[in-house]
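Undergrad: Below you'll find the structure I mean.
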Amino acid sequence: MIQFIIKRLGWALFVVAVVAALVFLLMNWVGDPAVTTLGPNAGPQQIADFQRKNGLDRPLPVQFAAYLGLVPCVRQGSRAYLENPEHPGYCGLLQGDLGDSFAHNEPVANVIAHRLPRTLLLGVLAIFFELFLGVTVGIVAAVRRNTWFDTGFMATAFLGISLPTYVTGPIFLLLFAFFFGWFPVGGYGEGFWDHVYHGILPAFTLAIVGAATYARITRSEMIETLRSDYIRTAKAKGLGPTSIVLKHGLRNALLPLVTLLGLDLSLLVAGAIITENIFAWPGMGALAIQSIVNLDSPTVMGVVLVFSAMVQVGNLLADVAVAFLDPRVRLGNEAS
């Protein structure tokens, strides 16, 4: 197990580094951050000063190596550079420095630390809705298979999978916020429970696709599990339907969902970028869109790195959870 985790962490770091390199090249390819940040009225000298201050006048390989913390700092506004301009120290990822945001004029780490808890709250609410709705519907459909319950639930699940968040989001916003007035139109609110209240509708929108997927998988796995020999033995012993379904059948049926939950983290992250903008939720997704529009490359890099790390951690936790739920799984042997 330890060997497997170490190997997975190594691959995770490699994936994050590749993602960082690709995003870095794309952000430098699409335009000049100095022109976008300073505006169309900025003169050549102002642009040159901005580029020199942020190290944008250096060759791209030097900029990226400095961002990683492999070469001395090239950002003249950084603490490492100000302490010793002649021989600046290192200021990059290896030193825990994500750079300074062009748009917010403060460290990227501070900007992300302010927005990340909001996205995590939205993700937790979405996962709750996914599991509660998906598993419940899947169990009912499996127990009552080939009935109108089963047909209706699976048709609804198929519709949920087919509709992306940029379609369901405006529909839910119009229906439940504007028409019925059950939820706020948007925003974040004040206080924890007000945050939760404001997050219910965007989280439900974010959870629709995942809940539909979980429902279909739970139904399929439960039907297969309820046909197993040990289930027939449990019935012969006189156990009730509730005990058979929840105690004996559900555990094995949930194994594929554990793996899917880890993989689903990436979908929640991607969906949050759209959903947060629809509902004016001030989280990481909205920050990513704003930073891309402003060509705020340090903030975009920081957001992408955090998202990538979340996906890798989610996948690793899913693999470890499967090993604990199913003793037949030996991650160390599979990794070798």
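Every number in this text was worked out from the coordinates using simple rules, so none of it is lab data. Remember, predicted model here, so these are calculated numbers, not experimental data. Ideal geometry is used to build each Cβ from the backbone, glycine not excepted, and the neighbour counts take in all protein chains shown.
Undergrad: Rg/Rh for the stretch 1-72 to two decimals, with Rh computed the Kirkwood way over all alpha-carbon pairs.
TA: Here Rg/Rh amounts to 1.18.
Undergrad: On to the next question. Considering the stretch 68-114, what Rg and Dmax in Å follow from its alpha-carbon atoms?
TA: 10.7, 34
Undergrad: Excluding Val143 itself, calculate the net charge of residues whose Cβ lies under 12 Å from the Cβ of Val143, where each Lys or Arg counts +1 and each Asp or Glu counts -1.
TA: So the environment of Val143 carries a net charge of +2.
Undergrad: At 7 Å along the Cα-to-beta-carbon direction for both Trp11 and Asp32, put a label point, then send me their distance in nm to one decimal.
TA: 4.3 nm
Undergrad: Return the whole-Å distance between the Cα centroid of the stretch 1-63 and the Cα centroid of the stretch 191-210.
TA: That distance is 33 Å.
Undergrad: Would you kindly state how much longer the chain becomes between Trp182 and Val293 on full extension, computed as 0.36 nm times their sequence separation minus their alpha carbon distance, in nm to one decimal? Don't skip to the end; give the middle numbers.
TA: Details: separation 111, 0.36 × 111 = 39.96 nm, distance 3.26 nm.
Full-extension gain reported as 36.7 nm.
Undergrad: Can you work out the base-10 log of I(q)/I(0) for the stretch 33-134 at q = 0.17 1/Å, using the Debye formula on its C-alpha atoms alone?
TA: Per q value, in the given order, log10 I(q)/I(0) is -0.83.
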